[in-house]
Amino acid sequence: MSDRVEGLSPAKRRLLEALQAKRSSKVDKVAGELVRLRDGGSDKPPVVLIHPIGGGVFCYADLGRLIPGDRAVWAIAAGELLAKGAPPTVTQIALAYLDLLRANGVSGAAVLAGWSFGGLVAREMARQCATRPVLVLIDTAPWPSDVPAWSPAETLEVFVEDLLRSAGVTFDRVPVDSDLWNLPTEQALSAVGACLSEQGLDLKLTPSERMTRVRIFENATRAMQRHRPGEYGGPTTVLHALESDVSPHYWAERAEGRPPTTIALAGDHFSLLRPPTVAQVAQAINRAAEAAPVNHTLRSVDE
């Protein structure tokens with residue numbers, strides 16, 4: 001077993017095995033990859049978690065395990081839709097993920113939820129349904145209208161920062177020479193990875209995985225920059241970290257007459273999915289799921 005796998009928690013190791021099993025099968029991965037984080041012991045509609053901007057779902061390993069009750073928990077990881085070609089819109093991603101769920105027999109969901117960018121996609125999925133699914137946004141905000149698009153160098157730096165902070169590493173700025181970000185993408189990632197390794201930091205990705213993930217990150221970033229969320233009138237819970245820049249008021253202003261339930265949690269954007277706060281996130285998702293209609297279906301508005 002590689003050092004990379006040995007360093008994973010048991011929950012993340014099980015998730016890695018599930019993803020590898022998916023990739024060795026003949027499952028269509030154009031839209032994304034549907035991964036079961038936890039089996040359900042009942043017929044209750046499942047919880048569905050949408051990947052953040054990096055495209056992976058390892059961030060949900062602990063959350064999926066901690067959601068109370070016996071309902072199944074699924075996650076959608078990014079696939080070729082974000083990894084190849086021109087960047088899709090958030091609406092195109094949302095429609096593709098609804099199709100992915102239905103194609104895999106997940107026609108109903110107790111909750112659609114997502115952390116960060118995943119919340120934007122989950123919300124658009126809910127908006128594209130004829131019914132009004134229960135929605136949980138985990139420290140989610142749109143791209144600020146007064147912030148310009150990132151340059152290629154800035155995108156690379158934020159990509160690596162996101163990987164490290166998601167792994168629990170804290171710093172003021174990624175500890176490498178700033179000139180490295182101006183190299184061609186593959187060279188930059190190789191040089192940054194080597195520099196970080198010398199400092200005992202590991203990006204936890206092979207060179208091939210880095211290139212795939214950075215393409216997903218770039219395309220998701222462009223989709224987020226162009227997206228302007230519309231109103232949504234379904235039941236919504238907004239979780240926000242007290243130490244992040246996310247404002248819950250944005251979603252209250254777009255709630256179509258039905259104010260969201262807002263819950264403030266200690267910590268920053270990344271600590272929400274780590275112990276001990278992740279247990280509070282899990283409890284909030286469970287409360288939302290318990291209040292959801294039992295016979296809810298994810299039927300699109302054009303069906």
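The values are calculated or read from the model by the stated rules, or taken from the named source; none is laboratory data. All of these numbers come straight from a predicted model, not from anything done at the bench. Neighbour counts are summed over all protein chains in view; Cβ atoms, including those assigned to glycine, are modelled from backbone coordinates with ideal geometry. The accessibility values were calculated without ligands, DNA or RNA, using every heavy atom of the protein model including side chains. Shrake-Rupley method; radii C 1.70, N 1.55, O 1.52, S 1.80 Å.
The residues of the chain present an accessible area of 45 Å² per residue when probed at 1.4 Å with all protein chains retained. With bins 10 Å wide beginning at 0, the percent of Cα pairs of the chain falling in each bin runs 6, 29, 37, 22, 6, 0. The alpha carbons of segment 171-267 stretch over 52, 29, 22 Å along the principal axes, in descending order.
With a 1.4 Å probe and all protein chains left in place, how much of the accessible area of the chain comes from carbon and sulfur atoms, in whole percent? Don't skip to the end; give the middle numbers.
Working: 6890 of 13740 Å².
With neighbouring chains kept in place, the figure for the chain is 50 percent.
Roughly how big is the chain's charge dipole about its Cα centre, with Cβ charges of +1 (Lys, Arg) and -1 (Asp, Glu), in debye to the nearest 20?
Details: 32 positive and 35 negative charges, 216 e Å.
So the magnitude is around 1040 debye.
Rounded to the nearest Hz, the phi-derived 3J(HN,Hα) couplings of segment 240-250 under the Karplus curve 6.51 cos²θ - 1.76 cosθ + 1.60 (θ = phi - 60°) are 9, 7, 5, 9, 9, 8, 6, 9, x, 5, 4, where x marks glycine and proline. Couplings 3J(HN,Hα) for segment 100-107, derived from phi with the Karplus relation 6.51 cos²θ - 1.76 cosθ + 1.60 (θ = phi - 60°), are 4, 4, 5, 5, 9, x, 9, 8 Hz, where x marks Gly and Pro. Scanning residues 5 or more positions from Val136 or on other chains, those with amide H under 5 Å from its amide H are Leu112, Ala113, Gly114, Thr237, with H placed 1.01 Å from N in the peptide plane.
Taken as Cα centroids, segment 253-282 and segment 210-230 sit 22 Å apart, rounded to the nearest whole angstrom.
In segment 92-193, how does Rg compare with the Kirkwood Rh, expressed as the Rg/Rh ratio over alpha carbon atoms? It would help to have the intermediate numbers written out before the result.
On the way: Rg = 17.8 Å, Rh = 16.3 Å.
The Rg/Rh ratio comes out at 1.09.
Summed over qualifying helices (DSSP H, 4 residues or more, each -39500 (n - 2.57)) and divided by its residue number, the chain shows a 222 nm mean residue ellipticity of -12000 deg cm²/dmol.
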